[in-house]
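The values are calculated or read from the model by the stated rules, or taken from the named source; none is laboratory data. Bear in mind the structure is a predicted one, so any value in this text is a computation, not a measurement. Cβ sites come from the backbone with ideal geometry, for glycine too, and all protein chains shown count toward neighbours. Protein only, heavy atoms only, side chains kept; ligands, DNA and RNA dropped before computing areas. Shrake-Rupley method; radii C 1.70, N 1.55, O 1.52, S 1.80 Å.
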Amino acid sequence: MKKIGVCIALLLLPSFLVFGVIATYSTYPLKLESYNSIYVNKYGGTGTNHYQNMMAMHMGRFTIDTQGQTIRSFALLSNISNEFVFRGPTTWNPNKNDKLGFHGVAILRYGSQLYNSNLNQGNTNPINPTNSPMNGLITIDFFLISHNPDTVFIPERTYTHQSGTVGNFVVSYSTENVDFWNTDFTPVTGADGTPVPQQPYLGSGTVTPDVAVPYEDPTDPVFDFSIVEIQQQLDLDKAYNTAAAYVAKAQVVVTIVQAGNPAGVTLTFSSDSTTDFFVMRHTEEQNLEPIGYKLLFDSTIIEPGDSVDWVGFSNATYTKNIYVTQVQEHAVENLVAGTYSDTITVQLTPKDTL
């Protein structure tokens, strides 16, 4: 009997995913926000409200999928400064520029819990919880948090960076059940095998930030999009004709959505196919007859270049399954044995209105 294996990789723009522990990284325009509002809007009130009544600058978010592995510890590998100094008006001196201190923190979300970590350990910074088994979806947010309460800052004014750097950084993980400081860490990597992200925290990483930071309330929704639970191989016979074989899950973590004004996105699926079917090609002989197929997203049949709306978001995590379907059984019977694969790019575009 001929053996035919199939594999489909789904890629996001601009981040890439591979099998194993995977991550995407999103950066944000720096602005000062009251941490009470960030706590409610970014996390929906989940867990403990760390750093309550402080000001925060959200630098970026890792969205990590362990792809079935169990992880026990994360580490930030970076010479991040112990303190950052900004200058700007305060309620003490509204017409002068006072010094205002900030420090780097990480907030990890796993399930319904939040864990905070002060990033002041030198080149290797533990990200809590340490040596606690985690499996599935994990987010890690990086913030600069003020030493002073939010009542010191003046809305609609700006604050200029004076000192403190972050440089380049790597987020690593461990699967060992040992003490954090004695474990071996593996960097979370992207499709090309290099650590994610492949850029500094912000700007050049040596002057952070390059322009004055405004103090304003959260406004626009934030969508952290990832493809999770990617299947390394498919049961092709489950995708014949109108049947459907599960291949992955699309996930959107939505934050900063105002009550009564739900948000939405459009997903676009594309590949190098020039027909109405996506095509899986033989991995060793690209010129052999390919396997044509379509995708099923929720209840919608997807052809190359198709877009589909996903709406009704509030502040929460949403998932929908992606399937392979409409494989012609009679066409597969005549194929050369081997492994067939395809790569699909998935692009998320926020919708202006519903």
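Mind counting the residues in region 234-252 that are under 30 Å from S37 (Cβ atoms), out of contact with any Lys or Arg (no Cβ under 6 Å at 6 or more places or on another chain) and either modelled with pLDDT under 80 or open to solvent by less than 10 Å² (accessible area, probe 1.4 Å) (or both)?
Number satisfying all stated conditions: 1.
I'd like the full set of residues that are over 18 Å from the mean Cα position of the chain (by Cα), at pLDDT below 85 and at positive phi, limited to region 40-77.
Matches in region 40-77: G45, G47.
Let's see how each residue does on (1) surrounded by 14 or more Cβ atoms within 10 Å (Cβ to Cβ); (2) closer than 19 Å to L234 by Cα; (3) in contact with a Pro (Cβ under 7 Å, 6 or more places away or on another chain):
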| position | (1), (2), (3) |
| --- | --- |
| L267 | yes, no, no |
| H282 | yes, yes, no |
| I291 | yes, yes, no |
| K294 | yes, yes, no |
| P304 | yes, no, no |
| Q326 | yes, yes, no |
| H330 | no, yes, no |
| L335 | yes, yes, no |
| T339 | yes, yes, no |
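In this structure, does Q258 turn out to be at pLDDT below 90 and surrounded by fewer than 18 Cβ atoms within 10 Å (Cβ to Cβ)?
It is true that Q258 is at pLDDT below 90 and surrounded by fewer than 18 Cβ atoms within 10 Å (Cβ to Cβ).
Under 18 Å from V247 (Cα atoms) and in contact (Cβ under 8 Å) with a residue 60 or more places away in the chain: does that describe T349?
No.
What number of residues in region 86-107 are touching a residue at least 40 places away in the same chain (Cβ under 8 Å) and in a loop (DSSP other than H, G, I, E, B)?
Matching residues across region 86-107 total 5.
Based on what the data block shows, is T255 over 27 Å from L236 (Cβ atoms) and either touching a helix residue (DSSP H, G or I) at 6+ places or on another chain (Cβ under 8 Å) or touching a residue at least 60 places away in the same chain (Cβ under 8 Å) (or both)?
In short, yes.
Among the numbered criteria (1) at pLDDT 85 or above; (2) surrounded by fewer than 18 Cβ atoms within 10 Å (Cβ to Cβ); (3) in contact with a Leu (Cβ under 8 Å, 6 or more places away or on another chain); (4) over 20 Å from L234 (Cβ atoms), which one does L348 miss?
L348 satisfies every listed condition except (1).
May I ask you to list the residues in region 51-82 that are assigned to a loop (DSSP other than H, G, I, E, B), crowded, with 23+ Cβ neighbours inside 10 Å and not β-branched (V, I, T)?
The answer is S78, and nothing else.
May I ask you to verify whether S299 is surrounded by fewer than 17 Cβ atoms within 10 Å (Cβ to Cβ), small (G, A, S), under 20 Å from the mean Cα position of the chain (by Cα) and closer than 30 Å to S112 by Cα?
For S299, the condition - surrounded by fewer than 17 Cβ atoms within 10 Å (Cβ to Cβ), small (G, A, S), under 20 Å from the mean Cα position of the chain (by Cα) and closer than 30 Å to S112 by Cα - is not met.
In region 154-193, how many residues are out of contact with any helix residue (DSSP H, G or I) (no Cβ under 9 Å at 6 or more places or on another chain), open to solvent by less than 10 Å² (accessible area, probe 1.4 Å) and in a strand (DSSP E or B)?
Of the residues in that region, 3 qualify.
Take residues that are modelled with pLDDT under 90 and closer than 13 Å to I64 by Cβ and tell me which of the strands (runs of 3 or more DSSP E) falling wholly in region 108-152 contain 3 or more.
137-149
Would you confirm whether or not region 274-293 contains a residue that is touching a strand residue (DSSP E or B) at 6+ places or on another chain (Cβ under 8 Å) and on the phi > 0 side of the Ramachandran plot?
No, that holds for no residue.
Conditions (1) in contact with a helix residue (DSSP H, G or I) (Cβ under 8 Å, 6 or more places away or on another chain); (2) among the basic types (K, R); (3) free of Cβ contacts under 8 Å to residues at least 60 places away in the same chain; (4) outside any loop (DSSP other than H, G, I, E, B), marked per residue:
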position: T274; (1), (2), (3), (4): no, no, yes, no
position: V279; (1), (2), (3), (4): no, no, no, yes
position: E284; (1), (2), (3), (4): no, no, yes, no
position: Y293; (1), (2), (3), (4): yes, no, yes, yes
position: L296; (1), (2), (3), (4): no, no, yes, yes
position: D309; (1), (2), (3), (4): no, no, yes, yes
position: T319; (1), (2), (3), (4): no, no, no, yes
position: V324; (1), (2), (3), (4): yes, no, no, yes
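Where the second residue is outside any strand (DSSP E or B) and among the charged types (D, E, K, R) and the first is in contact (Cβ under 8 Å) with a residue 24 or more places away in the chain and over 15 Å from V170 (Cα atoms) and lies in region 68-82, which pairs have Cβ atoms under 7 Å and are six or more apart or on separate chains?
If the second residue must be outside any strand (DSSP E or B) and among the charged types (D, E, K, R), the pairs left are R72/E176.
From (1) under 30 Å from A248 (Cα atoms); (2) not in a strand (DSSP E or B), pick out the condition that doesn't hold for T48.
(1)
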